[in-house]
Amino acid sequence: MYDHEIAMEKKEIRIMPEVEEEELALVYQTKGIEVGIARKMAARSDAGPQRALDEQVREELKIGEATRRRSRKGG
């Protein structure tokens with residue numbers, strides 16, 4: 001289940017990185033982070049595709065690293 005969501009997120013980051021960056025900024029804002037800082041944080045996550053994916057998976061999808069590892073192992 002998680003693998004599909006992660007694959008979709010990876011594709012979205014590749015196809016429309018600016019939209020995904022804005023989504024991440026909005027996620028940060030819902031946590032109470034001021035708009036300007038949230039945008040800077042989201043822009044920083046765009047340092048590379050893997051970092052952007054890691055941020056999106058953790059913040060937007062709420063899938064932590066331990067959950068991702070279990071999913072890959074099938075358990």
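The values are calculated or read from the model by the stated rules, or taken from the named source; none is laboratory data. This structure is a prediction, so every number in the text was calculated from the model and none was measured. Glycine gets a Cβ as well: all are built from the backbone with ideal geometry, and neighbour counts include every protein chain shown. Just so you know, the surface numbers come from the protein's heavy atoms only, side chains and all, with ligands and any DNA or RNA stripped out. Shrake-Rupley method; radii C 1.70, N 1.55, O 1.52, S 1.80 Å.
Just give me the residues in segment 3-20 being open to solvent by less than 90 Å² (accessible area, probe 1.4 Å) and part of a helix (DSSP H, G or I), in sequence order.
Within segment 3-20, Asp3, Glu5, Ile6, Ala7, Met8, Glu9, Glu12, Ile13, Pro17, Val19, Glu20 qualify.
Please verify whether segment 21-37 includes one or more residues that are modelled with pLDDT under 85, of a type outside the set (A, V, I, L, M, F, W, C) and open to solvent by 80 Å² or more (accessible area, probe 1.4 Å).
no
If you go through segment 4-50 one residue at a time, how many are touching a helix residue (DSSP H, G or I) at 6+ places or on another chain (Cβ under 6 Å) and under 16 Å from Ile63 (Cα atoms)?
6
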